[in-house]
Amino acid sequence: MRAAILLSGTGSNLVAIATSVRAGRLPLDLCLALSDRPAAAGLARATEFGMPTCTVAVRDFADREAHEAAVARAIDEAGAELVILAGYLRIFSASFVARYAGRLINLHPSLLPAYPGLHTHERALAAGDRLHGTSVHFVTAELDGGPLIAQAEVAVTATDTADTLGARVRRAEHRLYPTVLGWYATGALRLRGETVELDGLPLAAPVRFRAEIPT
Ligand code: GRF
């Protein structure tokens with residue numbers, strides 16, 4: 001299955017996905033890494049893994065619609081069947097989401113529905129949460145609101161800062177995302193309407209990977 005990865009930043013999740021592919025654990029053909037930011041470090045990481053890369057910079061287009069059309073063209077020309085969002089910091093229009101319905105997957109650094117949007121680690125700390133984590137979901141037009149597939153919990157410690165907590169969430173993401181993408185690549189996971197199906201059965205709740213309890 002051919003897959004494109006869209007990113008705006010460091011690309012540590014791209015590295016985790018590409019490492020799983022290279023190790024033979026994830027049956028995806030990573031046919032494109034696309035960024036809206038030319039300087040995104042993730043593009044260099046993609047090149048190290050032999051992935052074709054492209055930048056679709058916002059400033060090169062008259063408006064959001066034209067930018068999105070160029071993104072879609074690059075995805076389609078690469079022959080991607082699956083579109084993996086890995087730190088892509090732009091919000092898609094409803095028509096873009098509809099075009100890739102059921103094959104557009106995102107990773108979000110919180111236990112959704114808690115903390116959609118930005119600064120999730122800061123917000124979890126400010127709320128005094130003991131449990132934080134990360135979520136993988138199908139993308140719909142609602143920001144970080146699409147049907148949830150799986151979540152990994154991360155324990156919050158008394159001394160955590162947004163940086164230490166964020167680093168722990170990233171480590172959980174690097175395990176969770178390749179696992180979930182593997183379900184999709186093997187046909188075990190799909191979206192039927194608004195319902196997530198795993199192994200042919202509707203998921204009543206997202207698959208939850210529990211936190212290790214700190215000692
Ligand atoms: C991840 O924390 C992901 O949850 C969020 O963006 C971050 C991307 O990190 N959507 P990286 O660029 O993969 O290191």
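Every read-out reported here was derived from the displayed coordinates using simple, explicitly stated rules and does not represent laboratory data. What you see is a predicted model, and the numbers here were worked out from it, not measured in a lab. Glycine gets a Cβ as well: all are built from the backbone with ideal geometry, and neighbour counts include every protein chain shown.
5 Å is the cut-off here: which amide hydrogens, built 1.01 Å from N in the peptide plane, fall below it relative to residue 146, excluding neighbours closer than 5 in sequence? Result for residue 146 returns 140. Scanning residues 5 or more positions from residue 33 or on other chains, those with amide H under 5 Å from its amide H are 5, 53, 54, with H placed 1.01 Å from N in the peptide plane. Panel order for 58, 180, by other beta carbons found within 10 Å of each beta carbon, from fewest to most: 58, 180. For the chain, the longest principal axis of the C-alpha atoms and the axis of helix 64-77 are separated by about 80°. For 112, 143, the sequence from fewest to most other C-beta atoms within 10 Å is 143, 112. Note on residue 159 and residue 186: their simple-model spin labels are 4.0 nm apart, each label 7 Å out from Cα toward Cβ. When you restrict to C-alpha pairs under 8 Å that are six or more residues apart and normalise by the size of the stretch 2-209, the relative contact order lands at 19 percent.
Across the stretch 29-71, the residues whose backbone nitrogen lies under 12 Å from the label position 7 Å along the beta-carbon direction of residue 93 are 62-71. DSSP beta bridges confined to the chain are antiparallel in about 45 percent of cases. For a label point 7 angstrom out from the Cα of residue 175 toward its Cβ, which stretches of the stretch 86-111 have the backbone nitrogen within less than 15 Å? So the set is empty, nothing qualifies. Over the chain, what portion of Cα pair distances is larger than 22 Å, expressed as a whole percent? Tail fraction, whole percent: 49. Going by Cα centres, the stretch 53-68 and the stretch 123-195 are how many Å apart? Comparing the Cα centres of the stretch 53-68 and the stretch 123-195, I get a distance of 28 Å.
Most mobile of 142, 153, 173 per a Gaussian network model of the chain (Cα springs, under 10 Å)? For the chain, modelled as a Gaussian network with Cα springs under 10 Å, the answer is 142.
By other beta-carbon atoms within 10 Å, ranking 164, 120 with the fewest at the front produces 164, 120.
The HN-Hα couplings worked out from phi for the stretch 153-159 by the Karplus form 6.51 cos²θ - 1.76 cosθ + 1.60 (θ = phi - 60°) are 7, 9, 6, 9, 9, 5, 9 Hz, whole numbers, x standing for Gly and Pro.
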